[in-house]
Amino acid sequence: MMRKSVRLGLMAGLEDEVTALCGPRYQPDKESPYHRAGSKKGSASLNGTKEPVICPRVRHEEDEEVKLQLYKAARSQRNLFAELVSAVSEGRSTRGLTRHTKGAVSKSAASRMWAEKSMEQLEFLRSRSLGEVDFLALQIDGVSAGEQMIVLAVGEGAVDVGSELPISSHIGTLTME
């Protein structure tokens, strides 16, 4: 039911965008440089999956086909971004997301999205002010994997006894002398 409602909303929105450019169906705006040009098969990211849709086409009298803004947004994999991050946060592997999204996102795109979101979260973590926070202890730990080293700093007792607050993380190379 929800998927059908989202699809109908997308189709209505596309028709509204075409009407705004060209005028109502069968009553074209004579002063508009745009005209309807049929439709084409396409796809959109709806409810976390790649769904087939029929997209109306619009042409400009001097230029080529006009890209409809709503269709461009609906095709964007960025619509899946929050859902993918949530799925990975819950333990699903980025490699299994292709099956989860019915092919809407490739394995490498899912990994890139996860890495991008991780970097955003890390930047937020590092940029927030800790001036008002009292720590009972500071724990710094590191893990090495080959030449790579991951260091994590955690403040303990920041809010109340027994609580932990991540402070920062850093990935670098490990050099032995």
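The values are calculated or read from the model by the stated rules, or taken from the named source; none is laboratory data. Given the structure is predicted, the values throughout are model-derived calculations rather than measurements. Note that each Cβ is placed from the backbone with ideal geometry, even for glycine, and that neighbours are counted across all protein chains shown.
So which of E65, E116 is at pLDDT 75 or above, within 29 Å of G9 (Cα to Cα) and either exposed (fewer than 13 other Cβ atoms within 10 Å of the Cβ) or basic (K, R) (or both)?
E65
Which residue is farthest from K50 (Cα to Cα), if the candidates are limited to the stretch 104-130 and must be among the aliphatic types (A, V, I, L, M) and in a helix (DSSP H, G or I)?
L125
Name the residue that is modelled with the highest pLDDT, counting only residues in the stretch 36-46 that are touching an Asp or Glu at 6+ places or on another chain (Cβ under 9 Å) and crowded, with 17+ Cβ neighbours inside 10 Å.
A44
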